[in-house]
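The next block holds one structure in the form of structure tokens; read it before the comments.
The values are calculated or read from the model by the stated rules, or taken from the named source; none is laboratory data. Computed from a predicted model, the values in this text were never measured in an experiment. Don't worry about glycine lacking a Cβ; one is built from the backbone with ideal geometry, like all the others, and counts go over all protein chains shown. Each accessible area value is taken on the protein alone, full model and side chains, heavy atoms only, with ligands, DNA and RNA left out. Shrake-Rupley method; radii C 1.70, N 1.55, O 1.52, S 1.80 Å.
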Amino acid sequence: SQTIHQWPATLVQPVGSPLSLECTVEGTSNPNLYWYRQAAGRGLQLLFYSVGIGQISSEVPQNLSASRPQDRQFILSSKKLLLSDSGFYLCAWSVSGGTQYFGPGTRLLVL
Amino acid sequence: AQSVTQLDSQVPVFEEAPVELRCNYSSSVSVYLFWYVQYPNQGLQLLLKYLSGSTLVESINGFEAEFNKSQTSFHLRKPSVHISDTAEYFCAVIAKAAGNKLTFGGGTRVLVKP
């Protein structure tokens, strides 16, 4: 069966510091991968998605970036965090754009 | 583009009472529909989905939803709730053709009271 992991589970970072969140999927090959952010009062927002290694589509312009160095690894990064980057970050996977399955999430607090 | 509206942001309900969570969507193309549940400090879990076929879909824990194309709705129901159903519920849609973007409603927080 497929499983999806995210780490860290919780992160507290100062404004201006860098960020790296990791997501890995097990039990499937060539999944579509997604990063969502859930912020208070703003619902769930798709940030990036990837249909293959090195292929990243950005949905919302921001100071975040994503990379997919391996087939089942998806990384969310920032060079300098803003207060507005605080939120709950969710990674998800699907097979060819079908049903999406979510990971446990990373709660990020920027102070 | 698609949009999803969940009419109720919060629904308090007594244990063993029925509950209905309303979801309406707007889309210029055909969509698949989903309900996800989020327990406190956890990720989203797929509750049920409508892809095709029978318009009434059921989950293993007693929830059901009915796709109504004419009313563009996908309301979620449970005839008798448990304390453990306390969670936030999200309705979502995705375009059938080349769909990668799930569009979510704002969520409905269900609080089951003893």
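Observations, loosely collected:
- Considered as a group, the residues in the stretch B:57-114 that are assigned to a loop (DSSP other than H, G, I, E, B) and in contact with a helix residue (DSSP H, G or I) (Cβ under 9 Å, 6 or more places away or on another chain) include one that is surrounded by the fewest Cβ atoms within 10 Å (Cβ to Cβ), and that residue is B:P114.
- Test set (1) assigned to a strand (DSSP E or B); (2) farther than 27 Å from A:R37 by Cβ - B:Y36 fails condition number: (2)
- Residues of the stretch B:1-35 satisfying the condition of being more than 27 Å from A:G98 (Cβ to Cβ) and polar (S, T, N, Q): B:S9, B:Q10
- Pair list, Cβ under 6 Å, 6 or more apart: the stretch A:35-54 residue free of Cβ contacts under 8 Å to residues at least 24 places away in the same chain and under 14 Å from A:D85 (Cβ atoms), other residue in a loop (DSSP other than H, G, I, E, B) and open to solvent by 10 Å² or more (accessible area, probe 1.4 Å): none
- Screening B:T103, B:T72, B:T86, B:T55 for residues that are hydroxyl-bearing (S, T, Y) and either touching a residue at least 60 places away in the same chain (Cβ under 8 Å) or within 14 Å of chain A (Cβ to nearest Cβ) (or both) leaves exactly one candidate, B:T103.
- Filtered residues of the stretch B:60-112 (kept if small (G, A, S) and under 28 Å from A:Q45 (Cβ atoms)): B:A65, B:S73, B:A87, B:A92, B:A95, B:A97, B:A98, B:G99, B:G105, B:G106, B:G107
- Output for the stretch A:28-46, where each listed residue is closer than 19 Å to B:G99 by Cα, more than 8 Å from chain B (Cβ to nearest Cβ) and either in contact with a helix residue (DSSP H, G or I) (Cβ under 8 Å, 6 or more places away or on another chain) or aliphatic (A, V, I, L, M) (or both): A:L33
- Leading residue by the ranking (most open to solvent (accessible area, probe 1.4 Å)) among those in the stretch A:86-111 that are more than 14 Å from every other protein chain (Cβ to nearest Cβ) and either aliphatic (A, V, I, L, M) or closer than 28 Å to B:A95 by Cα (or both): A:L111
- Residue that is most open to solvent (accessible area, probe 1.4 Å) [pool: residues in the stretch A:21-54 that are among the hydroxyl-bearing types (S, T, Y) and in a strand (DSSP E or B)]: A:Y49
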